[in-house]
Amino acid sequence: MKQTELTPPQKQQLRTRLENQLTELEQQVCAIHIRGVPVQLDQQAVGRVSRIDAIQQQQMAQANEAQTSRQLQRIRQILLDPDEYGFCHECGESIGIGRLTIHPTAELCIQCQGELENL
Ligand SMILES: [Zn+2]
């Protein structure tokens, strides 16, 4: 089923959402850097279990940070190149407002995404 292309107001609305999300993500990244990700592993102060906890927390924080910076890059790319926005990177068809409302940073239409996941 072919999706209709985004109307200019729909595009504008999604753009505003992405701009807000970009600001939020940038603040998150700042917060991570202020907090300082490396966890101090004091052999004497923490037991084995809490050391594992600390390492896991650090790994989670790093994974989060990696995801956040990927998301940031994606949003920046969309905002820089708005003409490309809303079209599937795979087949070039319109992704459709329904899907973009749920996933504003979607790069693939629902069909291509489905094919990718079913491989
Ligand atoms: Zn597609």
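Structure summary
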quantity	calculated
Degrees separating the helix 8-35 axis from the principal Cα axis of the chain, which is the longest one	10 degrees
Selected from 30, 79, 52, residue furthest toward positive end of dipole (the chain; charges at beta carbon)	52
Long-range amide H partners of residue 90 with built H, under 5 Å	109
Diffusion coefficient, µm² s⁻¹, Stokes-Einstein with Kirkwood Rh over alpha-carbon pairs of the stretch 8-118 at 37 °C and 0.692 mPa s	199 µm²/s
Cβ charges +1 (Lys, Arg) and -1 (Asp, Glu), total dipole of the chain, debye	360 debye
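Bear in mind these aren't lab numbers, they're just calculated from the coordinates by the rules spelled out. All figures in this text were calculated on a predicted structure; none of them were measured in a lab. Cβ atoms come from the backbone with ideal geometry, glycine included; neighbour counts cover every protein chain shown.
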